[in-house]
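The values are calculated or read from the model by the stated rules, or taken from the named source; none is laboratory data. Predicted model only: the values in this text are computed from it and were never measured. For neighbour counting, all protein chains shown are included, and Cβ atoms are generated from backbone atoms with ideal geometry for every residue, glycine included. All accessible areas refer to the heavy atoms of the entire protein, side chains included, with ligands and DNA or RNA removed. Shrake-Rupley method; radii C 1.70, N 1.55, O 1.52, S 1.80 Å.
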Amino acid sequence: MQLSTDPSQPAAPGATKAPRHVAIIMDGNGRWAKKRGLPRLAGHREGVGRIQKVLETLDARGVQHVTLFAFSTENWNRPPGEVQGIMDLLSLALKQQTCQLHEKNVRVIHLGSVDQLSPALRQGVAEAQKLTCDNTGVTLNVAFNYGGRDEILEAVRRIIRDQIPPEAVDQRLFSSYLYSAHSPDPDLIIRTGGELRISNFLLWQSAYSEYYHTPTLWPDLEAAELEQALETFASRQRRFGNVTSEA
Ligand code: IPE
Ligand code: IPE
Ligand code: MG
């Protein structure tokens, strides 16, 4: 296997031009709604509407893997009405957008546990994955009921269940047990909504990711700012702990 295509390996030092994998913490839906005197769910609805455009922009820039953080394991603590509303929005988005994504050759993959999801939502997720599994365009990972710590614990459980000998557990094997095994580590993580924290997102995979954060609320994120994030990424010097020839 070539190093550059190994999902468990970071890109080579200096290889910063176009990110292979962009992951986004889509934050700020509630505040977007509040600013307009609308219920929080209106912000979530607007947020879902923003996804298609963002995917188009990233696809046009040659990004091959996109991960969207849509619902965390901690988001269950929100008021039941908001949680149910978000579940309903995801069901609807799956119904309305899976065919379009399939036509665009997008491969849709769910990151997270389906255990707490309703049977109907589980079925929707399974159908979207099945329909698009052979697509060769952008891989769209939807992190829904996803938590980085849970993902790591689940990987540990599966490694133990598979009776892998301790000496065989290295970084490559561990990565292959994560929900994200099919994608390389994210090169760039974007967080909208102004917070400067990771909120349990891709804890293992983000070891050497570059960050871009913006106060812009997710429903307001325009293509121009996304381009700005990609340009900022291209100007970063990734060292992966090494030194550069200029240093
Ligand atoms: C992100 O927007 C979406 C989810 C976490 C589901 P928020 O709902 O967190 O929006 P703010 O941060 O309250 O504005
Ligand atoms: C992170 O946003 C999770 C998602 C965007 C799905 P949160 O709004 O849940 O994060 P905190 O609570 O501000 O850390
Ligand atoms: Mg938030």
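Let's see how each residue does on (1) part of a helix (DSSP H, G or I); (2) farther than 18 Å from ALA93 by Cα:
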site: ALA33; (1), (2): yes, yes
site: ALA42; (1), (2): yes, no
site: GLU46; (1), (2): yes, no
site: LEU58; (1), (2): yes, yes
site: VAL63; (1), (2): no, yes
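Filter the range 20-31 for residues that are open to solvent by 10 Å² or more (accessible area, probe 1.4 Å) and assigned to a loop (DSSP other than H, G, I, E, B); which is farthest from ligand 1 (Cβ to nearest atom)? It comes out as ARG20.
In the range 114-129, which residues are within 19 Å of the chain's Cα centre (by Cα), open to solvent by 30 Å² or more (accessible area, probe 1.4 Å) and more than 19 Å from SER72 (Cβ to Cβ)? If the condition is that a residue be within 19 Å of the chain's Cα centre (by Cα), open to solvent by 30 Å² or more (accessible area, probe 1.4 Å) and more than 19 Å from SER72 (Cβ to Cβ), then ALA126, GLN129 are the ones that fit.
Restricting attention to the range 32-51, does a residue exist that is β-branched (Val, Ile, Thr), at pLDDT 95 or above and touching a His at 6+ places or on another chain (Cβ under 9 Å)?
Step one: of the range 32-51, the residues β-branched (Val, Ile, Thr) are 48, 51.
Now narrow it down to the ones that are at pLDDT 95 or above: 48, 51.
Okay, now just the ones that are also touching a His at 6+ places or on another chain (Cβ under 9 Å), so none.
No, the range 32-51 contains no residue that is β-branched (Val, Ile, Thr), at pLDDT 95 or above and touching a His at 6+ places or on another chain (Cβ under 9 Å).
Taken together, LYS53, LYS17 contain a single residue that is of a type in the set (Lys, Arg) and either part of a loop (DSSP other than H, G, I, E, B) or open to solvent by less than 30 Å² (accessible area, probe 1.4 Å) (or both), which is LYS17.
Evaluate the range 191-203: report whether one residue or more is more than 16 Å from ligand 3 (Cβ to nearest atom), more than 14 Å from ARG20 (Cβ to Cβ) and either crowded, with 18+ Cβ neighbours inside 10 Å or over 16 Å from the mean Cα position of the chain (by Cα) (or both). Scanning the range 191-203 turns up at least one residue that is more than 16 Å from ligand 3 (Cβ to nearest atom), more than 14 Å from ARG20 (Cβ to Cβ) and either crowded, with 18+ Cβ neighbours inside 10 Å or over 16 Å from the mean Cα position of the chain (by Cα) (or both). Quick check on LEU178: is it in a helix (DSSP H, G or I) and either more than 15 Å from ALA155 (Cβ to Cβ) or open to solvent by less than 40 Å² (accessible area, probe 1.4 Å) (or both)? No: the conditions fail for LEU178. The set of residues in the range 48-74 being out of contact with any strand residue (DSSP E or B) (no Cβ under 7 Å at 6 or more places or on another chain), under 24 Å from SER209 (Cα atoms) and either within 11 Å of ligand 3 (Cβ to nearest atom) or of a type in the set (A, V, I, L, M, F, W, C) (or both) consists of VAL54, ALA60, GLU74.
Among the residues making up the range 56-76, those that are open to solvent by 30 Å² or more (accessible area, probe 1.4 Å) and farther than 16 Å from ASP27 by Cα are GLU56, ASP59, ALA60, ARG61, GLY62, GLN64. Scanning the range 204-221 for residues that are among the hydrophobic types (A, V, I, L, M, F, W, C) and either open to solvent by 50 Å² or more (accessible area, probe 1.4 Å) or at positive phi (or both) yields TRP204, ALA207.
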